[in-house]
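Input: a single structure, listed below in structure tokens.
The values are calculated or read from the model by the stated rules, or taken from the named source; none is laboratory data. Computed from a predicted structure; not experimentally measured. Note that each Cβ is placed from the backbone with ideal geometry, even for glycine, and that neighbours are counted across all protein chains shown.
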Amino acid sequence: MKALVYHGPGERALEDKPKPKINDPTDAVVKIIRTTICGTDIHILKGDVSSVIDGRTLGHEGVGIVEETGSNVSNFGAGDKVLISCITSCGKCASCRKGMYSHCDHGGWILGNTIDGTQAEYVRIPYADTSLYRIPDGADEEAYVMVSDILPTGFECGVLNGQVKPGDTVAIVGAGPIGIATLLAAQFYSPIEIIMVDTDENRLQSAKAFGATKLVHENVIEEIMNFTHGKGVDVAIEAVGTPVTFNICQSIVAAGGHIANIGVHGRSVELHLENLWARSVTITTRLVDTAITPMVMKLIASGKLQPQKLITHHFTLNEIMKAYDTFGHAAQEKALKVILSN
């Protein structure tokens, strides 16, 4: 089968690999119909995720059709169309029982990380009964690809951790796909202002179309503090993963406010406790647990959430090298999410 393979920082190739097989009774083998590229994959290619080794098939998002199941899989069978969660959950360990599926003793974020992922023709899914979700008949497959990762991440790591509530002023630093997914999620909680911050004017205009109330692309700290009359924002959401963007969040958060980190950080950041210690600021970090996935699927089914509008480019799986070039040069290509069809 064809697969996108990581060969160290900056090195990737579309290669032939053996089709995965059932290893354990709880496994399923899924034929990929549609997958995508995540900002985390770009971080991997930069060398930011040391657990990813040479030879790994990348990708942790997708929709597919179950081809084969292990003897202990009871919720799914061959021919079922499924959403693949970016988080693998055994459903039984102490962390899973607390809903912290990202810390599963036997799973967590392993797809495209410590085991082969979804940017391939087929993928093996451990603990299939608790790591797959059946997709309704006739559903928009591309919309559900967005539920593998970025929508639950925006909801959980950004909006819920940030405790966004009615009347809040929210700033989302980073108007890439995860930032805009967070923007979509935040609107369900009725903040009075959602400020989007980015250096890419095209992405800011996209954010405006998705509901942002204010756009900021330069003199960020000064402009936001002026806009909030010197008080800062109630919730500052970091959606990039760099020292610069994290520092912006520290500089614009109001007393009693929340900094919710989403970004994947490959370098250390400087924590300015000398400014924050007396301001009752809460800082949260989180790897998405996907506990909210069933609710997000209901919102899509009802039409209240339309994440397929995030998709700007389409490729076949055989064009994945070109797709990475497009996604990696998002500003020039005016790209948000790309879809790869198998």
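In the range 179-207, what count of residues is obtained for those that are in a helix (DSSP H, G or I), of a type outside the set (Gly, Ala, Ser) and either closer than 20 Å to ASP234 by Cα or not assigned by TED's automatic domain parsing to the domain that holds GLY158 (or both)?
7
All but one of (1) within 17 Å of the chain's Cα centre (by Cα); (2) hydrophobic (A, V, I, L, M, F, W, C); (3) surrounded by fewer than 21 Cβ atoms within 10 Å (Cβ to Cβ); (4) under 23 Å from MET297 (Cα atoms) hold for LEU151; which doesn't?
For LEU151, the failing item is (3).
If I filter the range 307-338 down to residues being of a type in the set (Val, Ile, Thr) and under 20 Å from LEU183 (Cβ atoms), which single residue comes out as farthest from the chain's Cα centre (by Cα)?
THR312
Could you tell me which numbered condition SER148 fails, if it satisfies all but one of (1) part of a loop (DSSP other than H, G, I, E, B); (2) hydroxyl-bearing (Ser, Thr, Tyr); (3) closer than 19 Å to THR285 by Cβ?
SER148 satisfies every listed condition except (3).
Looking at VAL82, VAL73 in this structure, which one is more than 20 Å from the chain's Cα centre (by Cα) and assigned by TED's automatic domain parsing to the domain that holds ARG56?
VAL73
Out of all the residues in the range 182-201, is one or more charged (D, E, K, R) and at pLDDT below 95?
Yes, the range 182-201 contains at least one residue that is charged (D, E, K, R) and at pLDDT below 95.
Is there a residue being at pLDDT below 95 and more than 30 Å from ASP137 (Cα to Cα) anywhere in the range 49-56?
yes
Tell me, please, whether a residue that is within 26 Å of THR312 (Cβ to Cβ) and surrounded by 22 or more Cβ atoms within 10 Å (Cβ to Cβ) can be found in the range 218-233.
no
So ALA330 fits all but one of (1) surrounded by 15 or more Cβ atoms within 10 Å (Cβ to Cβ); (2) at pLDDT 95 or above; what number is the exception?
Answer for ALA330: the failing condition is (2).
Would you confirm whether or not the range 130-138 contains a residue that is under 22 Å from LYS19 (Cβ atoms) and either buried (at least 19 other Cβ atoms within 10 Å of the Cβ) or touching a residue at least 60 places away in the same chain (Cβ under 8 Å) (or both)?
So far as the range 130-138 goes, yes, one or more of its residues are under 22 Å from LYS19 (Cβ atoms) and either buried (at least 19 other Cβ atoms within 10 Å of the Cβ) or touching a residue at least 60 places away in the same chain (Cβ under 8 Å) (or both).
Which residue, of LEU340, LEU299, is at pLDDT 95 or above and farther than 13 Å from VAL145 by Cβ?
LEU299
Within the range 17-43, how many residues are in contact with a strand residue (DSSP E or B) (Cβ under 7 Å, 6 or more places away or on another chain) and at pLDDT below 95?
So the count comes out to 0.
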